[in-house]
């Protein structure tokens, strides 16, 4: 694109959304640098539309000029999927101005919300009406609903409510041609052909731009109880999970596991965080139960379950939160792990899923293989045991150059871990997505037949490859 053509194109964008919402100069790092600071891009422009119609106008302009665009929400992703490349030729489409909660339908148990709405804002709005929006993750104060849908985010309550996909009943989308598809009916039954909604959820902006969604709410539980327990092994944690399923049934909403080294990093970098027990046990778990009867009923169920677990030997010690503040404090321990790991230095991250029953064997075998191949590497193992999702991360050896470790060892480390994941019939990405960081790895570990179908869908919906190119495929 010549300088004159570029200037004319930028003016078209300004005409579409207003000059002050098209950013081309100054510090644009909030949009051009990913959350983990793994990628430093350069945008042709950052465009901040205020409505679905403005999004459609911008997409039509990009399609006509063959300019690729990168949809972006809170820019909190982990796989470099929502920041521009370094070419200076891509438009970043920031949806944060589109943050309205359009309606709450109490009788239908649905909420319709725009893509730029912060997850925590949506949670609070539902709570004010007596409902729970159960998607919960560490970045909920900054991530957006559009990003949650684009990456099919998981979080801590998947064991009960499912990923974002399971919480979505309808979408509003601008396709790659700049047309608006409105599918915000909120219907739980609509058997009229292909379910287009599921194509866009988890597509990471490669097929179109999600501008709004109709999502499920659930009645706010009467009580939510949280417990923190130490366990002698991952096998014991899996045994405890089975007991929790049997005893608590659908009341079990969250079940997280944390390895001893992961918790030691929290103790080291956030000494103000109060962690129960002395840190000598191999693993701890935090679990949550929701109850629609009463707090007394929830506490009785949870305490009896933990008593049985203590007698069986799958729990060494346990505490049950006596207040909402204590419950938040226990969850804060789990949420502090990624922050503490970042404080410790650069690290190699793996967001994997394995059948719950096989996780202990996987960890034992893969830990041994890593210890042999990468002496001194420190394993930061934690995550959503309830749904089989582990954050199986690797910290550089004590005193080593973390930047050099990441640069030199990330590729062979990934090869080892992902080969193990394949052996255990798992997935190399459980909830973070593919982005550009895992694109080549997806090609190596996904079925060729599945990849072929995915490419056909991409070609059909985005023939000119303007929607977030270089991601996923």
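Do you know which residues across the range 278-304 are under 20 Å from residue 336 (Cβ atoms) and at pLDDT 90 or above? Walk me through it before giving the result.
Of all residues in the range 278-304, those under 20 Å from residue 336 (Cβ atoms) come to 278-288.
282, 283, 284, 285, 286, 287, 288, listed by residue number.
Just checking, does the range 16-35 include any residue being modelled with pLDDT of 95 or more, buried (at least 20 other Cβ atoms within 10 Å of the Cβ) and more than 31 Å from the chain's Cα centre (by Cα)?
So far as the range 16-35 goes, yes, one or more of its residues are modelled with pLDDT of 95 or more, buried (at least 20 other Cβ atoms within 10 Å of the Cβ) and more than 31 Å from the chain's Cα centre (by Cα).
State whether one or more residues within the range 272-292 are in a helix (DSSP H, G or I) and not assigned by TED's automatic domain parsing to the domain that holds residue 132.
Checked the range 272-292: no residue is in a helix (DSSP H, G or I) and not assigned by TED's automatic domain parsing to the domain that holds residue 132.
Given 52, 57, 83, which one is within 22 Å of the chain's Cα centre (by Cα) and either crowded, with 24+ Cβ neighbours inside 10 Å or within 24 Å of residue 117 (Cα to Cα) (or both)?
Matching residue, one of 52, 57, 83: 83.
Filter the range 379-390 for residues that are in contact with a helix residue (DSSP H, G or I) (Cβ under 8 Å, 6 or more places away or on another chain), farther than 13 Å from residue 362 by Cα and in a strand (DSSP E or B) and give the result.
Of everything in the range 379-390, those that are in contact with a helix residue (DSSP H, G or I) (Cβ under 8 Å, 6 or more places away or on another chain), farther than 13 Å from residue 362 by Cα and in a strand (DSSP E or B) turn out to be 379, 380, 382, 384.
Yes or no: residue 370 surrounded by 13 or more Cβ atoms within 10 Å (Cβ to Cβ), modelled with pLDDT of 95 or more and over 30 Å from residue 251 (Cα atoms)?
Spelling it out, residue 370 is indeed surrounded by 13 or more Cβ atoms within 10 Å (Cβ to Cβ), modelled with pLDDT of 95 or more and over 30 Å from residue 251 (Cα atoms).
Any idea how many residues of the range 392-442 are under 29 Å from residue 159 (Cα atoms), at pLDDT below 95 and assigned to a helix (DSSP H, G or I)?
Within the range 392-442, residues that are under 29 Å from residue 159 (Cα atoms), at pLDDT below 95 and assigned to a helix (DSSP H, G or I) number 3.
Can you tell me how many residues in the range 259-277 are in contact with a helix residue (DSSP H, G or I) (Cβ under 6 Å, 6 or more places away or on another chain) and touching a residue at least 60 places away in the same chain (Cβ under 8 Å)? Reasoning before the result, please.
To start, the set of residues in the range 259-277 that are in contact with a helix residue (DSSP H, G or I) (Cβ under 6 Å, 6 or more places away or on another chain) comprises 262, 265-266, 269-270, 273, 275.
Retained after the next criterion (residues that are touching a residue at least 60 places away in the same chain (Cβ under 8 Å)): 262, 265-266, 269-270, 273.
Qualifying residue count, the range 259-277: 6.
Any idea how many residues of the range 302-343 are part of a helix (DSSP H, G or I), surrounded by 16 or more Cβ atoms within 10 Å (Cβ to Cβ) and touching a residue at least 60 places away in the same chain (Cβ under 8 Å)?
Number of matching residues: 15.
Pick out, from the range 1-119, the strands (runs of 3 or more DSSP E) lying fully within it that include 1 or more residues that are over 20 Å from residue 469 (Cβ atoms) and touching a strand residue (DSSP E or B) at 6+ places or on another chain (Cβ under 7 Å).
Result: 101-105, 110-114.
For the range 108-121, give me each residue that is under 27 Å from residue 382 (Cβ atoms) and either surrounded by 24 or more Cβ atoms within 10 Å (Cβ to Cβ) or modelled with pLDDT under 95 (or both).
Residue satisfying the conditions is 119 alone.
Can you work out which of the residues in the range 220-240 that are buried (at least 24 other Cβ atoms within 10 Å of the Cβ) and in a helix (DSSP H, G or I) is nearest to the chain's Cα centre (by Cα)?
Among them, the one singled out is 237.
The values are calculated or read from the model by the stated rules, or taken from the named source; none is laboratory data. Since this is a predicted model, take the numbers as computed values, not measurements. Please note: Cβ atoms are built from the backbone with ideal geometry, for glycine as well, and neighbour counts cover all protein chains shown.
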